[in-house]
Amino acid sequence: MLAFGLSPNHVTFNALTDGYISEGNFKEALKMFYMMEAQGLIPTEVSYGVLLDGLCKHAEFDLARGFYMRMKRKGISVGRITYTGMIDGLCKNGLLDEAVKMLNEMSRDDVDPDIVTYSALINGFCKVGRFRTVKEIVCRVYRAGLSPNGIIYSTLIYNYCRMGCLKEALRIYEAMILEGDTPDHFTFNVLVSSLCKAGKVGEAEEFMRCMTSGGILPNAVSFDCLINGYGSSGEALKAFSIFDEVTKVGHHPTFFTYGGLLKGLCKGGHLKEAEKFLRSLHDVPAAVDTVMYNTLLTAMCKSGNLDKAISLFGEMVQRSVMPDSYTYTSLISGLCRKGKTRKDISTTFKLYRSMILNGVLPDKLTCHSLILGMCESNALEIGLKTLKAFICRGFEVDRSTFNMLISKCCANGEISKAFDLVNVMNLLGISLDKTTYDAVVSVLNRNHRFQESRMVLHAMSKQGLSPDCTKYIGLLNGLCRVGDIKTAFMLKDEMIAHKTCPANVAESAMVRALAKCGKAEEATLLLRSMLKKKLVPTIASFTTLMHMFCKNGDVTEALELRVVVRNCGLKLDLVSYNVLISGLCAKGDMVAAFKLYEEMKQDGFLANATTYKALVSGILSLGTAFSGIDIIIEDLLARGFITSLSSSQDSNTTLTMVMEKLKALQSHKNG
């Protein structure tokens with residue numbers, strides 16, 4: 001044009017600028033913009049708008065901001081279209097706070113946003129799940145005298161469904177209908193799909209019927225959603241009923257349709273029918289793929305039909321349907337669940353080698369399944385070697401697999417191997433979780449390695465994980481057992497400081513630990529200290545102290561604790577009553593023991609074998625008549641400890657027989 005002496009106008013330059021920007025050629029676009037100025041043409045709002053819209057779409061926000069400021073300096077008004085284009089670009093690139101600032105600048109310039117502007121903002125904030133801001137923007141729409149359009153409603157419904165907020169999505173759908181907007185097939189299918197995913201397939205079908213009566217006919221996607229929904233819940237009959245409807249209205253089934261039907265048969269446990277159905281699809285073009293075979297194969301493995309699963313696997317390969325990592329993992333997992341012998345392990349590894357030879361790489365689930373099989377077959381060494389092989393080949397191994405092996409090592413008392421695994425986790429950058437730490441602490445406590453256990457608990461706290469109160473208590477008991485009372489007290493203080501458990505639980509645990517290792521004076525002093533601090537000890541701590549006193553022959557001290565228990569607002573439990581009754585019986589005070597037995601019954605506790613063994617033993621040791629003997633025999637009959645009573649049999653003979661039975665019961669329970 002210039003060569004022929006023709007002068008391009010704004011329209012020409014704007015079109016060329018837009019063309020270059022569409023191609024992403026910003027250099028030429030800017031050159032064209034500046035050439036327009038060199039030709040004596042002053043860029044208009046449209047010229048700037050074309051440039052700004054393109055720059056924002058291509059995320060060139062620094063350049064866009066520069067030209068926007070230039071517009072303002074030159075006094076060129078920025079219109080709604082330009083503002084909306086910039087806001088849309090910012091939202092699409094996740095710069096939402098910048099987009100809100102631009103909206104506020106728009107308002108300061110007295111430019112009213114339209115529904116397109118608000119749609120861009122709503123879509124942007126929905127994508128990142130900032131629904132509180134979305135609600136604020138919707139309120140702003142209404143305050144501006146505008147009504148949300150179908151696009152806004154669809155955007156809200158889709159994103160609420162995507163985030164799992166189905167209730168809110170349905171509420172918006174109702175508002176949409178009230179406003180007179182008709183949802184399109186996309187919105188309609190999103191709601192049907194979400195209802196199905198939430199397990200509300202019946203509601204989804206009812207919703208579809210309502211929409212049909214309202215003039216919106218379901219399409220193939222709508223029917224597929226329902227078929228897959230019923231399939232996932234194992235309702236094969238309902239899935240096939242919908243399928244019949246699909247064929248009647250002339251929709252062509254897809255592999256999604258067939259997949260949903262097969263899933264329904266498998267989930268419903270109809271494996272023979274599922275097998276027949278899969279075979280019937282072989283003549284349907286592109287109906288049977290790896291996913292279809294995997295559905296049936298996995299169901300067979302889960303139901304224990306491994307021979308059929310392996311046969312199906314062979315058929316799959318024969319038909320040139322390539323197995324994937326899910327196929328192999330399902331079979332490996334099934335074999336590992338079944339296999340406990342060396343032969344089973346051999347079969348599993350043969351399948352694994354076949355997987356590698358066929359170029360299918362195992363995923364972390366494959367690794368986990370294979371190693372789980374080794375652990376359950378008591379082949380820990382093979383499991384550890386398998387883990388090493390996985391790591392050396394660069395295959396992904398997750399934390400749960402390490403935890404499983406660490407737990408197995410700990411259960412076998414192989415602490416050094418457990419720590420080796422922890423070191424490997426650290427080298428691979430796999431952080432230890434609560435399960436890992438708990439397994440290590442438990443085995444250290446069992447092996448009296450208390451200092452190491454304490455170090456592990458400290459490491460756990462530093463990582464921001466809260467150790468179980470039980471792990472601390474286990475360590476505390478261990479320290480007291482080996483006589484390290486000072487460290488035990490320090491640990492108790494740590495428990496309180498770190499809020500591992502309430503102060504009364506920590507203090508009570510210390511009381512019990514001291515009592516168990518025979519530190520009667522220290523345990524009593526700590527209990528008194530607790531009471532002074534208005535801390536209520538646990539009933540277990542009182543019971544342990546009572547047991548200690550009774551064992552030492554101080555039954556009076558044990559009985560005095562009963563008063564303290566009541567003053568603390570607590571009640572004796574069955575174990576506490578048994579401890580006191582046993583103590584009194586051992587001392588020969590059967591009157592007091594029987595009185596306590598009656599009190600126990602009034603408190604709603606049923607005596608067990610331990611109670612009766614103590615009472616019967618006490619009566620037999622007494623060697624003289626005892627007034628409560630008839631009541632005890634009646635109770636023994638009522639509880640089934642005695643099936644019948646001969647009139648010629650005296651009480652002592654009866655009780656001797658009962659004693660033998662109680663001993664047998666108790667030894668069976670302990671065994």
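The values are calculated or read from the model by the stated rules, or taken from the named source; none is laboratory data. Only a predicted model underlies this, so the values are computations on that prediction, with no experimental measurement involved. Neighbour counts are summed over all protein chains in view; Cβ atoms, including those assigned to glycine, are modelled from backbone coordinates with ideal geometry.
Below, the figures for the structure above:
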item: Selection within the stretch 233-257 - assigned to a helix (DSSP H, G or I), in contact (Cβ under 8 Å) with a residue 24 or more places away in the chain and in contact with a helix residue (DSSP H, G or I) (Cβ under 7 Å, 6 or more places away or on another chain); result: Ala236, Lys238, Ala239, Phe240, Ile242, Val246, Phe256, Thr257
item: Evaluation of Asn447 against (1) surrounded by fewer than 17 Cβ atoms within 10 Å (Cβ to Cβ); (2) at pLDDT below 85; (3) within 29 Å of the chain's Cα centre (by Cα); (4) of a type in the set (S, T, N, Q) (one fails), failing number; result: (3)
item: Test result for Gly129, crowded, with 17+ Cβ neighbours inside 10 Å and small (Gly, Ala, Ser); result: no
item: Qualifying residue in the stretch 277-290 (condition: without any contact (Cβ under 8 Å) to a residue 40 or more places away in the chain, within 17 Å of Tyr352 (Cβ to Cβ) and within 33 Å of the chain's Cα centre (by Cα)); result: no
item: Verdict on Val565 being free of Cβ contacts under 8 Å to residues at least 60 places away in the same chain and touching a His at 6+ places or on another chain (Cβ under 6 Å); result: no
item: Enumeration of residues in the stretch 276-289 that are surrounded by fewer than 18 Cβ atoms within 10 Å (Cβ to Cβ) and outside any loop (DSSP other than H, G, I, E, B); result: Lys276, Arg279, Ser280
item: Subset tally (residues that are of a type outside the set (D, E, K, R) and under 14 Å from Lys272 (Cβ atoms)) for the stretch 296-308; result: 5
item: Filter pass, Glu598 being under 30 Å from Ala638 (Cβ atoms), at pLDDT 90 or above, acidic (Asp, Glu) and surrounded by fewer than 17 Cβ atoms within 10 Å (Cβ to Cβ); result: yes
item: The one condition in (1) outside any helix (DSSP H, G or I); (2) under 29 Å from Asp420 (Cβ atoms); (3) at pLDDT 90 or above that Phe402 fails to fulfil; result: (1)
item: Members of the stretch 372-389 that are at pLDDT 90 or above and either within 21 Å of the chain's Cα centre (by Cα) or among the hydrophobic types (A, V, I, L, M, F, W, C) (or both); result: Leu384, Leu387, Ala389
item: Flag if Gly164 is modelled with pLDDT under 90 and in a loop (DSSP other than H, G, I, E, B); result: yes
item: Helices (runs of 4 or more DSSP H) wholly inside the stretch 36-151 containing at least 1 residues that are touching a Ser or Thr at 6+ places or on another chain (Cβ under 6 Å), in contact (Cβ under 8 Å) with a residue 12 or more places away in the chain and not basic (Lys, Arg); result: 45-57, 80-92, 115-127
item: Of all residues making up the stretch 460-489, the number that are in contact (Cβ under 8 Å) with a residue 24 or more places away in the chain and either farther than 17 Å from Glu522 by Cα or not hydrophobic (A, V, I, L, M, F, W, C) (or both); result: 19
item: Single residue of Leu620, Leu606, Leu645, Leu665 found to be of a type outside the set (S, T, N, Q), out of contact with any Cys (no Cβ under 7 Å at 6 or more places or on another chain), at pLDDT below 80 and not in a helix (DSSP H, G or I); result: Leu645
item: Residue tally, condition of a type in the set (D, E, K, R) and in contact with a helix residue (DSSP H, G or I) (Cβ under 7 Å, 6 or more places away or on another chain), over the stretch 461-483; result: 2
item: Residue identified as surrounded by 15 or more Cβ atoms within 10 Å (Cβ to Cβ) and under 20 Å from Leu372 (Cβ atoms) among Ile430, Ile473; result: Ile430
item: Residue match in the stretch 198-218 (condition: small (Gly, Ala, Ser), closer than 24 Å to Asp289 by Cβ and surrounded by fewer than 20 Cβ atoms within 10 Å (Cβ to Cβ)); result: no
item: Top-ranked residue in the stretch 221-251 [being among the hydrophobic types (A, V, I, L, M, F, W, C) and modelled with pLDDT under 90; ranked as surrounded by the most Cβ atoms within 10 Å (Cβ to Cβ)]; result: Val246
item: The lone exception for Lys417 - which of (1) under 25 Å from Ala488 (Cβ atoms); (2) basic (Lys, Arg); (3) touching a residue at least 12 places away in the same chain (Cβ under 8 Å) it fails; result: (1)
item: Matching entry among Met322, Met355 (being over 25 Å from His252 (Cα atoms) and in a loop (DSSP other than H, G, I, E, B)); result: Met322
